[in-house]
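S.K.: Sending over a structure as structure tokens; questions will come in a sec.
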Amino acid sequence: MNGIRHSFDVFDTALTRTFARPADLFLQLGRKWDPASPARWMRRRIEAEREARRRSTREETTLEEIYGRLAPAMGWNGEQARRAAAAELELENDSLRPVPEIRERIARLHGQGQSVVFISDTYKPAAFLRDALERNGLWKEGDRLYASSEEGTTKRSGGLFRVALERERLRPGDLVHAGDDDWADRISPRKIGLNAEPFADTRLNRHEQAIATPAGMDPLFRSRLAAASRLARLSRFGFETPAARTLWDVGASVVGPLLAGYVAWCLAEAGKRGIRRLYFVSRDGQILRRLAQTLCRTWRLDVECRDLFGSRHAWHLPALAELDGPVPDWIFDSTLVRSVDSILRRVGLDAARAAAPLAANGFEPATWHRNLDAEGCDRLKSLLAREPLRSAILAEAETRRRAAAGYLRQEGLLDATSWALVDMGWSGRMQRSLRALLRAIGEDRPLAGFYFALNGSCPAAAGDALHSYLDPAWFAAKGLRYVPALETLAAADHGSVVGYREETGGRFAPIFRDGPLESRNVPWARLQQDAAVAFAEEFGRLVSANDVRPEETRRIAALLMKRFLGSPTREESRAYRLFRAGEDQAGGRLYRLATRIAPRHYWAALLRGGDHLYRLRWPEACIAGSLDHPCARIALLHARQALGEWKKRISAGTP
């Protein structure tokens with residue numbers, strides 16, 4: 001008896017691939033052997049393997065036998081078949097990567113002076129497996145390898161485990177085996193008394209499966225994309241909580257593919273249009289800038305990617321040079337909270353200074369927190385356009401404009417370099433405010449902006465260009481109601497920008513809101529961003545810039561939005577319950593993005609048909625995270641009705 005020993009499966013346990021599925025490697029080979037139809041070559045290769053297994057007298061076939069069956073169909077002689085088999089091994093070798101968690105386990109065992117056993121069902125030669133393990137830092141002198149191609153028996157039948165036990169002189173209970181296959185690595189070893197530790201992390205998750213299988217797309221591109229997601233997801237492990245693990249997985253499998261495709265489009269469009277500098281408008285722009293810099297570095301693109309700290313709140317008011325006509329619509333944006341308090345914050349008015357004029361016109365301080373009805377909004381609009389509040393607003397706008405001008409000049413927006421904005425988007429109105437702000441400080445130049453999505457509600461200013469990655473009509477119909485969730489997927493690790501200040505030495509710096517919203521979201525935003533950047537690093541290595549087709553990345557974006565935003569799992573919903581969002585552009589009350597629906601809301605949904613649920617910011621996640629309540633499944637029918645009603649309200653331009 002030699003004590004407890006540990007064994008590991010090789011493929012999709014100790015090693016994973018840069019292809020989503022093993023057979024996808026044959027597509028890459030098909031580009032060499034059958035350029036007119038790589039898929040046809042893949043089918044031939046799969047059929048040759050199936051035929052070789054059927055004719056084999058052993059439980060396992062070999063690569064030599066497979067190519068022996070393939071040779072007649074390809075018109076190859078023996079030497080040509082051997083070269084083709086060698087080319088497959090070379091490509092396989094290039095595609096293999098170590099799985100970090102398993103590599104750490106093996107390193108820990110080696111550090112304790114233990115040798116490990118590798119047991120693999122494979123047609124590949126054992127020497128190839130050993131070289132791959134050694135090259136990826138998994139093999140140490142004294143380790144043992146058992147391959148079905150050499151032994152003629154498999155894990156699936158239990159025969160390969162018996163061979164390993166006999167040669168290692170172990171009893172079944174002395175071997176602990178880890179692997180990804182339900183039958184070969186869990187059921188089969190347990191049948192003969194081994195301790196089996198399933199390792200399923202290398203399996204494609206539901207988002208990666210969706211990426212890898214949409215119809216009408218380049219199958220090799222989607223395979224690389226899904227593999228990049230898996231590699232990024234596997235790159236970190238040992239999370240303190242299930243929620244942290246879920247956020248990392250979503251960052252790698254949803255946020256990364258969703259936004260990296262958009263950023264790749266921005267970089268390509270900038271190149272086509274001769275744009276040398278891209279300003280990523282933070283907060284949402286923070287993750288986009290990190291993704292862009294990662295892709296530029298990997299693809300060696302000559303595009304300068306810079307942060308531009310700004311926001312609606314930071315630009316709308318400084319851009320206000322007059323208040324003689326109608327009150328600007330951004331002041332009375334229809335949001336969850338549209339109260340006197342929130343309007344005062346938007347126009348930068350001090351509550352004490354505004355109290356007397358407001359009270360004289362029926363707005364008592366005790367009512368300022370209440371939402372305004374249409375009549376109240378009209379009365380307040382009229383009041384803001386009259387003295388003394390009109391002058392107070394314009395004076396505050398002028399003060400903020402001086403600081404904003406200093407910051408924009410400092411960041412190079414007034415120099416001769418061609419530049420464009422990059423942001424998540426929605427209406428495009430913030431670009432109008434920046435244009436007005438630049439005009440107010442004497443720099444009237446046409447602006448261009450790239451946006452993840454626009455709803456078509458705000459046309460570009462004269463001479464400006466608004467470029468939307470997603471089709472505006474599609475987004476208005478299918479994606480607009482997911483804006484709060486999309487903004488959370490692009491969450492930054494700093495507060496929103498509320499203005500600018502001049503510092504010692506004449507430098508200008510953004511002023512960030514620092515409140516409970518920002519402090520709550522920071523750790524989760526960083527985790528999500530890091531996962532998305534890990535995806536971009538893998539994506540940049542596996543796919544060249546020239547192979548990225550916007551029409552395909554757009555389809556993937558629509559697919560991920562439908563699957564993740566439209567049908568989140570309970571675990572995803574509970575993880576995103578950690579995020580908070582503000583009800584108003586200028587701050588104000590906070591809400592949970594994926595709040596748990598309280599029992600009273602279920603009863604309200606039953607009694608009222610779910611009408612009141614339309615105000616939930618991400619209803620699907622709220623429902624998914626609340627399904628353990630006894631009334632939930634009944635109320636779900638009514639909540640679905642509420643989602644339909646919400647969609648109609650959004651399409652009609654109401655919240």
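The values are calculated or read from the model by the stated rules, or taken from the named source; none is laboratory data. In this text, all values refer to a predicted model and were calculated from it rather than measured experimentally. Ideal geometry is used to build each Cβ from the backbone, glycine not excepted, and the neighbour counts take in all protein chains shown. Each accessible area value is taken on the protein alone, full model and side chains, heavy atoms only, with ligands, DNA and RNA left out. Shrake-Rupley method; radii C 1.70, N 1.55, O 1.52, S 1.80 Å.
S.K.: I'd like the residue in region 36-66 that is assigned to a loop (DSSP other than H, G, I, E, B) and charged (D, E, K, R) and, out of all such residues, is surrounded by the most Cβ atoms within 10 Å (Cβ to Cβ).
M.R.: GLU60
S.K.: A follow-up question, please. Of the conditions (1) without any contact (Cβ under 8 Å) to a residue 60 or more places away in the chain; (2) open to solvent by less than 10 Å² (accessible area, probe 1.4 Å), VAL281 satisfies every one except a single condition; which number is it?
M.R.: (1)
S.K.: Can you tell me how many residues within region 267-278 are of a type in the set (A, V, I, L, M), out of contact with any Ser or Thr (no Cβ under 8 Å at 6 or more places or on another chain) and open to solvent by less than 40 Å² (accessible area, probe 1.4 Å)?
M.R.: Residues flagged as of a type in the set (A, V, I, L, M), out of contact with any Ser or Thr (no Cβ under 8 Å at 6 or more places or on another chain) and open to solvent by less than 40 Å² (accessible area, probe 1.4 Å) within region 267-278 amount to 3.
S.K.: Those residues that are in contact with a strand residue (DSSP E or B) (Cβ under 6 Å, 6 or more places away or on another chain) and modelled with pLDDT of 90 or more, I need them from region 333-378; list them, please.
M.R.: none
S.K.: For SER120, are the conditions met, namely being over 32 Å from the mean Cα position of the chain (by Cα) and hydroxyl-bearing (Ser, Thr, Tyr)?
M.R.: yes
S.K.: Continuing with this model, one more query. Could you list, in sequence order, the residues of region 432-480 that are aromatic (Phe, Trp, Tyr) and assigned to a loop (DSSP other than H, G, I, E, B)?
M.R.: TYR469
S.K.: Within region 254-298, can you find the residues that are more than 29 Å from ALA212 (Cβ to Cβ), out of contact with any Cys (no Cβ under 9 Å at 6 or more places or on another chain) and outside any helix (DSSP H, G or I)?
M.R.: Within region 254-298, ARG273, GLY274, ILE275, ARG276, VAL281, SER282, ARG283 meet the criteria.
S.K.: How many residues, within region 199-251, are part of a helix (DSSP H, G or I), over 24 Å from ASP547 (Cα atoms) and open to solvent by 20 Å² or more (accessible area, probe 1.4 Å)? Please lay out each step first, then the result.
M.R.: Taking region 199-251 first, the residues part of a helix (DSSP H, G or I) are 206-212, 219-234, 242-251.
Imposing the further condition that a residue be over 24 Å from ASP547 (Cα atoms) reduces the set to 206, 234, 242-250.
From what is left, the residues that are open to solvent by 20 Å² or more (accessible area, probe 1.4 Å) are 206, 242-243, 245-246, 249.
Matching residues across region 199-251 total 6.
S.K.: Quick one: which helices (runs of 4 or more DSSP H) sit completely within region 313-395 and have at least 2 residues that are open to solvent by less than 70 Å² (accessible area, probe 1.4 Å) and farther than 26 Å from VAL497 by Cβ? Show your work before the answer.
M.R.: Numbers: elements: 340-347, 351-360, 374-384.
Of the helices (runs of 4 or more DSSP H) lying wholly inside region 313-395, those with at least 2 residues that are open to solvent by less than 70 Å² (accessible area, probe 1.4 Å) and farther than 26 Å from VAL497 by Cβ span 351-360, 374-384.
S.K.: Output the residues belonging to region 95-113 that are under 17 Å from GLY3 (Cα atoms) and either open to solvent by less than 70 Å² (accessible area, probe 1.4 Å) or of a type in the set (Gly, Ala, Ser) (or both).
M.R.: Passing the criteria: ILE106, LEU109, HIS110, GLY111, GLY113.
S.K.: Further question: Please find, among LEU175, LEU145, LEU165, the residue that is more than 19 Å from ALA132 (Cβ to Cβ) and touching a strand residue (DSSP E or B) at 6+ places or on another chain (Cβ under 6 Å).
M.R.: LEU175
S.K.: Six or more apart or on different chains, Cβ under 7 Å: which pairs go from a residue in region 439-467 that's free of Cβ contacts under 8 Å to residues at least 60 places away in the same chain and open to solvent by less than 20 Å² (accessible area, probe 1.4 Å) to one that's assigned to a strand (DSSP E or B) and among the charged types (D, E, K, R)? Could you list them?
M.R.: GLY449/ASP423; TYR451/ASP423
S.K.: If I filter region 195-214 down to residues being touching a residue at least 60 places away in the same chain (Cβ under 8 Å) and hydrophobic (A, V, I, L, M, F, W, C), which single residue comes out as nearest to GLY159 (Cα to Cα)? Working first, answer last.
M.R.: Narrowing region 195-214 to residues touching a residue at least 60 places away in the same chain (Cβ under 8 Å): 199, 201-204, 206-208, 210-212, 214.
Checking the rest, the ones that are also hydrophobic (A, V, I, L, M, F, W, C) come to 199, 204, 210-212.
Values: PHE199: 21, LEU204: 28, ALA210: 36, ILE211: 37, ALA212: 34 Å.
Only one residue fits best here, namely PHE199.
S.K.: Do you know which residues across region 10-35 are over 30 Å from the mean Cα position of the chain (by Cα), assigned to a loop (DSSP other than H, G, I, E, B) and either among the basic types (Lys, Arg) or buried (at least 18 other Cβ atoms within 10 Å of the Cβ) (or both)?
M.R.: Matches in region 10-35: none.
S.K.: Could you grab me the full set of residues in region 157-191 that are free of Cβ contacts under 8 Å to residues at least 60 places away in the same chain and open to solvent by less than 10 Å² (accessible area, probe 1.4 Å)? Can you show your working first?
M.R.: The first filter runs over region 157-191 and keeps only residues free of Cβ contacts under 8 Å to residues at least 60 places away in the same chain, leaving 158, 160-163, 165-167, 172-173, 182-183, 186-191.
Correct list: GLY158, LEU160, PHE161, SER188, PRO189.
S.K.: Next question. Hey, LEU413 hits all of (1) open to solvent by 10 Å² or more (accessible area, probe 1.4 Å); (2) assigned to a loop (DSSP other than H, G, I, E, B) but one; which does it fall short on?
M.R.: The failed condition is (1).
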